[in-house]
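Before any comments, here is the structure.
The values are calculated or read from the model by the stated rules, or taken from the named source; none is laboratory data. All of these numbers come straight from a predicted model, not from anything done at the bench. With ideal geometry, Cβ positions are generated from the backbone for all residues, glycine too; neighbour counts draw on all protein chains shown. Heavy atoms of the whole protein, side chains included, go into the accessibility calculation; ligands, DNA and RNA do not. Shrake-Rupley method; radii C 1.70, N 1.55, O 1.52, S 1.80 Å.
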Amino acid sequence: MTAIPTETLITVFGGSGFLGRHVVRALARRGYRIRVAVRRPELANYLQPAGRVGQIHAVQANLRHQASVEAATRDADVVINLVGILFERGRQRFDAVQAFGAEACALAASAFGARLIYVSALGADEASPSHYARSKATGEKLVRAAMPEATILRPSIVFGPEDEFFNRFAALAQLSPVLPLIGGGHTRFQPVFVGDVAEAVVTAVEGRSRPGTTYELGGPAVRSFKELMQYLLATVGRRRLLLPIPFALASAQAFFLQFLPKPLLTPDQVELLKRDNVVSDDAWRDGRTLDGLGIAPTAIEVVVPSYLVRFRKTGQFNVRSI
């Protein structure tokens, strides 16, 4: 079913986050009416210039509170759930947000007859040693139980101007003579551009995805963690020692780092790094990928240098020898 933008109201849970802002902008460009459901609506006001007057409206909602989820979902034609956390703080727990919160969103969408698009994560696995990955898998299972026809998108590590991967390690390279390679840096990733993930969400909104299907979203190239760090250093023009750190030692360090306000590393993230984060052969074979959605994946070389330039010693200028 193809949605008519100007007659379609879309509720986007987590619309003010890294991925959320790109999804909201992509939807706004196509003319959809957008309700951004977030815990703190005042922090989402920056999204309004992305659309026409009155096109984008922020409302308060918390996936841990069913009543607020239902209020944000009422009258919506499509519901998009982008909410996720990388570490636990206070009442923001993996299960509460990514499992039962995902279920609350699906139940509300089902009750009001809205279609649902749920963005999970590549690596979601109920048997994973990582609590993050288990909660994502449980969330998918609960979503499927509530709405079997829901579209689920599983992106690999997402990059873009506001990402928490390349920006974080580029900032670390400014301050430290060493960059850590957890587990030797052998873990493989398939970085996917945030704009491509947003386009996949819009494709599902427009009815060009298969209902009840789980898509795995990755970029055009698979690279090890070490290769990504080498690329980052070459891009920012810095030389740093790449120091292999065994998983056991990394876990011990992460135990203390997890208590920082914004942890550099947590024990759960170390567990995540023990498994590759790439699109499966089954997904490739079944066409459950970006290519299967008609989207050509964007390479990191096309985008990353444009926003890492600020980490270069000379910024956007090249050093010219005389």
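Side notes on the structure shown:
- Of all residues in region 205-223, those satisfying the criterion of being open to solvent by 10 Å² or more (accessible area, probe 1.4 Å) and not basic (Lys, Arg) are GLU206, GLY207, SER209, PRO211, GLY212, THR213, THR214, GLU216, PRO220, ALA221, VAL222.
- Filter result for the condition that a residue is in a loop (DSSP other than H, G, I, E, B), more than 25 Å from PRO177 (Cα to Cα) and polar (S, T, N, Q), over THR289, THR314: THR289
- Residue count for region 29-68, restricted to those that are open to solvent by 80 Å² or more (accessible area, probe 1.4 Å), at pLDDT 95 or above and among the hydroxyl-bearing types (Ser, Thr, Tyr): 0
- LYS226 being surrounded by 20 or more Cβ atoms within 10 Å (Cβ to Cβ) and free of Cβ contacts under 8 Å to residues at least 60 places away in the same chain: no
- Verdict on GLN258 being closer than 16 Å to LEU272 by Cα and touching a residue at least 24 places away in the same chain (Cβ under 8 Å): yes
- Enumeration of residues in region 233-287 that are hydrophobic (A, V, I, L, M, F, W, C) and touching an Asp or Glu at 6+ places or on another chain (Cβ under 7 Å): VAL279, ALA283
- ARG93, sole failed condition from (1) more than 22 Å from ARG210 (Cα to Cα); (2) in contact (Cβ under 8 Å) with a residue 12 or more places away in the chain: (2)
- Within region 234-274, the set of residues being among the charged types (D, E, K, R), open to solvent by 40 Å² or more (accessible area, probe 1.4 Å) and either out of contact with any helix residue (DSSP H, G or I) (no Cβ under 8 Å at 6 or more places or on another chain) or in a helix (DSSP H, G or I) (or both) comprises LYS262, GLU271.
- Single residue of region 281-322 satisfying the filter (open to solvent by 40 Å² or more (accessible area, probe 1.4 Å) and polar (S, T, N, Q)) that is modelled with the highest pLDDT: SER306
- Candidates GLY113, GLY184, GLY139, GLY101, filtered to the one that is in contact with a helix residue (DSSP H, G or I) (Cβ under 6 Å, 6 or more places away or on another chain) and either free of Cβ contacts under 8 Å to residues at least 60 places away in the same chain or of a type outside the set (A, V, I, L, M, F, W, C) (or both): GLY139
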